[in-house]
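Below: one structure, written as structure tokens.
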Amino acid sequence: MKWDECLLCHDAACSRSCEVLQPARLLRSLYFDNAEAVRNELGGQVPCTDCDGHCRQSCPVDLDIRGILTSLAPDKQREINYDVLKTDFCGIPLENPFLLSSSVIASTYDMCARAFEAGWAGAAFKTICLMDIVEASPRFSAIKGDNNRLIGFKNIEQLSDHSVVENIKIFKELKKNYPDKFLLVSIMGRNEEEWAYLADILNDSGADALELNFSCPNMTEENSGSDVGQIPELVERYSRVVKQHTRLPFIAKLTPNVTHIEDSAEAAIRGGADGVAAINTIKSLIEVDINPNDGIAQASIGGYSGKAVKPIALRFTAELAQDEMLDGKHISAMGGIETWRDALEFIVLGADSVQVTTAVMQYGYRIIDDLKSGLALYLQDHGFQNIKDIHKTTISGIVGTEKLDRSYVIFPRFLRDKCVGCQRCYLSCQDGGHQAIKIVDGKPVLNPDNCVGCHLCVLVCPMEAIVSSEVRVPKEKLGRI
Ligand SMILES: Cc1cc2nc3c(=O)[nH]c(=O)nc-3n(C[C@H](O)[C@H](O)[C@H](O)COP(=O)(O)O)c2cc1C
């Protein structure tokens, strides 16, 4: 997977050096799981087979860009129909389901304007409040994966440090210049009076809807943020106050730092909310200072986001979508969305719109290109007329653990040509599995008598040389029932 080594440069030299293609744009699509868009863009051929490879010469990591592109199977070109992405937010039209989530990425006029120009349907503006916000430095940390990618991201940032008046000026300007973009304004009060004040003052501010922040885990003030989101009675009470003071639709942004998110969701609906948003960040601690003498330790519990939290966010989305009290209410989902496929998973579960922060912080607003084209191509190629047709469909395959069919075993299949004999599968099966792999001539061979089909070997193989056989062998036939 050589494209994985692309640095995703801003204003990339490869694209500047090429007269026929935008190599950086195409590599970026590969990086964001959107090979289909690349094949579509290239059509039947890569038009640079005769070139002497300026792109590679200009690449800071000497990537064989032409080799990567020519290795893709050709495809016939088709027009991408972006109309399939059209949807709505509580009846307000959205050109696509992709919104910036409330955070630093949507905290100034200029940032929102650039995101809108890039193709985002709207933004949940950085939470506004009546508190004095003073931030710490540094305020981020991360768990990293290959190529320095941020896998899990921790922040201790609070809310907007601009005054409400300054922010309202921004909202008016954004609405004037981008009337068709959706402006969701996130608010947080400390008591009923503040929630009421914020709801009132935003009625004629350019905001299309409000998002009540019951979920920031980083507040220095007690009884605000996720402190509120953990107590359904408070969620209901503050939602009711906002309902009495706003003419706009509003949703409640919920905290994942609870066992049953439905309790707070239902409380918000009882209080008059038109929907919910989830998840805000998960309370976490990434690093602990182990240097006994430097005296500079300043570690704090903060909010965890990014790719690592996606499974948790999906779980909460599934639970919200299955809650009957939320039927017909808007669900805006987020947590770890980087690619169109991530977004689609949330939508299939029941999300009406999706929001993103960490991936934008890492890769920029430009990721919207692949979110849109990847999702549009998927819908087109599978015969869906509109994004809503895929919403809450059974293809997600989600069933309760009690309903899982446990009557068969699916064995792994070893691709001996790809196997390099590292024996990592053997090691994992010995120490973390069921001792079902033996080594013959330096390579793994399955012992089906011991294999339970857990697929640990498939997951740990660094060469992707073990795959699922996809054949269901009844346990009866194996004499295991
Ligand atoms: C640096 C940073 C600042 C954030 N600030 C806010 C905020 O002001 N209000 C809010 O509701 N959520 C805030 N969030 C949470 C995000 O909107 C989002 O819910 C969360 O990060 C999960 O999405 P992600 O994995 O796409 O980042 C912030 C997140 C980060 C990383």
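The values are calculated or read from the model by the stated rules, or taken from the named source; none is laboratory data. All values reported here derive from a predicted model rather than from experimental measurement. As a convention, Cβ positions derive from the backbone with ideal geometry for all residues, glycine included, and neighbour counts pool all protein chains shown.
General observations
- Each residue in segment 3-49 was checked for being part of a helix (DSSP H, G or I) and either of a type outside the set (A, V, I, L, M, F, W, C) or modelled with pLDDT under 90 (or both), and 16 of them qualify.
- Each residue in segment 312-344 was checked for being more than 16 Å from Ile269 (Cα to Cα) and without any contact (Cβ under 8 Å) to a residue 24 or more places away in the chain, and 1 of them qualify.
- Scanning segment 50-73 for residues that are under 25 Å from Leu344 (Cα atoms) and either at pLDDT 95 or above or out of contact with any Lys or Arg (no Cβ under 6 Å at 6 or more places or on another chain) (or both) yields a single hit, Ala73.
- Unmet criterion (only one of (1) more than 22 Å from Asp327 (Cβ to Cβ); (2) small (Gly, Ala, Ser); (3) within 12 Å of the ligand (Cβ to nearest atom)) for Ser205: (3)
- Test for Asn218: is it part of a loop (DSSP other than H, G, I, E, B) and within 12 Å of the ligand (Cβ to nearest atom): yes
- Residues of segment 400-443 that turn out to be touching a Phe, Trp or Tyr at 6+ places or on another chain (Cβ under 9 Å), of a type in the set (Lys, Arg) and under 26 Å from Gly479 (Cβ atoms), as a count: 1
- Listed here are the strands (runs of 3 or more DSSP E) enclosed by segment 235-297 that have at least 2 residues being touching a residue at least 24 places away in the same chain (Cβ under 8 Å), in contact with a Leu (Cβ under 8 Å, 6 or more places away or on another chain) and hydrophobic (A, V, I, L, M, F, W, C): 250-253, 275-278.
- Residue match in segment 133-147 (condition: within 30 Å of Lys86 (Cα to Cα) and among the small types (Gly, Ala, Ser)): no
- The listed residue being surrounded by 11 or more Cβ atoms within 10 Å (Cβ to Cβ) and within 27 Å of the chain's Cα centre (by Cα), out of His382, His455, His434: His455
- Test result for Asn223, among the polar types (S, T, N, Q), away from the ligand (no atom under 15 Å from the Cβ), at pLDDT below 95 and under 21 Å from Ser102 (Cα atoms): yes
- Cβ pairs under 8 Å, 6+ apart, first in segment 377-393 and within 22 Å of Asp33 (Cβ to Cβ), second aromatic (Phe, Trp, Tyr) and surrounded by 13 or more Cβ atoms within 10 Å (Cβ to Cβ): Tyr378/Trp340; Ile390/Phe384
- Selection from segment 190-215 of residues that are at pLDDT 95 or above, of a type in the set (Gly, Ala, Ser) and not in a strand (DSSP E or B): Ala196, Ala199, Ser205, Gly206, Ala207
Rundown of residues vs (1) in the same structural domain as Gly119 (by TED's automatic domain parsing); (2) on the phi > 0 side of the Ramachandran plot; (3) more than 15 Å from the ligand (Cβ to nearest atom), yes/no style:
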| site | (1), (2), (3) |
| --- | --- |
| Lys144 | yes, no, yes |
| Asn147 | yes, yes, yes |
| Ile168 | yes, no, yes |
| Val185 | yes, no, no |
| Asp200 | yes, no, yes |
| Glu233 | yes, no, yes |
| Arg240 | yes, no, yes |
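- Residue count for segment 142-174, restricted to those that are of a type in the set (Lys, Arg) and closer than 25 Å to Met131 by Cβ: 3
- Those strands (runs of 3 or more DSSP E) of segment 82-189 in which at least 1 residues are under 27 Å from Lys388 (Cβ atoms) and of a type in the set (A, V, I, L, M), considering only elements entirely within it, cover 92-94, 98-100, 122-128, 182-187.
- Residue count, segment 109-131 (criterion: touching a residue at least 12 places away in the same chain (Cβ under 8 Å), more than 13 Å from the ligand (Cβ to nearest atom) and either surrounded by fewer than 18 Cβ atoms within 10 Å (Cβ to Cβ) or small (Gly, Ala, Ser) (or both)): 9
- Selection status of Gly397, away from the ligand (no atom under 13 Å from the Cβ), touching a helix residue (DSSP H, G or I) at 6+ places or on another chain (Cβ under 6 Å), at positive phi and small (Gly, Ala, Ser): no
- Selection status of Ala267, assigned by TED's automatic domain parsing to the domain that holds Tyr109 and touching a strand residue (DSSP E or B) at 6+ places or on another chain (Cβ under 7 Å): no
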